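What follows is one structure encoded as structure tokens, with my remarks underneath.
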Amino acid sequence: MSTSDGAADGVGPVLQATPFAHAVVSVIEEENERVLIHDEDAYLRVLVPRVCRLSRAGLETAMGAAVRFPGELELVLSSFTGVMELSEDGAVWRLAGEPSVSPAAAPTGHSASRAGEPALAGDR
């Protein structure tokens with residue numbers, strides 16, 4: 001990661017590009033601010049500054065079905081950046097110096113951009 005792309009303090013998952021992974025990315029975009037997604041065709045790299053949250057409840061809503069945590073996420077999780085905390089309520093990726101947080105403690109509002117796409121006015 002380079003500081004020029006704004007991802008120097010980014011944390012998050014690297015997911016095999018499956019329909020389930022796309023749902024995971026969608027929920028991460030809803031539950032976090034300043035989400036950066038690198039779509040590399042075979043995989044999706046998600047980066048969020050400092051703390052990235054994914055709630056099981058949000059994923060179940062997106063999928064329209066129950067999701068097993070831990071269990072189902074790990075099937076598409078190729079790698080991750082940061083420290084990962086996984087519980088039955090969801091997953092959190094954070095910088096090593098950041099305190100532990102609940103997956104459900106998502107900030108309000110969000111903005112997301114895909115690598116190579118212009119940032120929204122609020123992202124600048």
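The values are calculated or read from the model by the stated rules, or taken from the named source; none is laboratory data. These numbers come from a predicted model, not from an experiment. No Cβ is skipped: glycine too gets one built from the backbone with ideal geometry, and neighbour counts run over all protein chains shown. Each accessible area value is taken on the protein alone, full model and side chains, heavy atoms only, with ligands, DNA and RNA left out. Shrake-Rupley method; radii C 1.70, N 1.55, O 1.52, S 1.80 Å.
Annotations for the structure displayed:
- Restricting attention to segment 33-61 and to residues that are charged (D, E, K, R) and touching a residue at least 40 places away in the same chain (Cβ under 8 Å), the residue that is nearest to GLU85 (Cα to Cα) turns out to be ARG53.
- Hits in segment 76-106 - residues which are open to solvent by 70 Å² or more (accessible area, probe 1.4 Å) and without any contact (Cβ under 8 Å) to a residue 40 or more places away in the chain: GLU88, ASP89, ALA96, GLY97, PRO99, SER100
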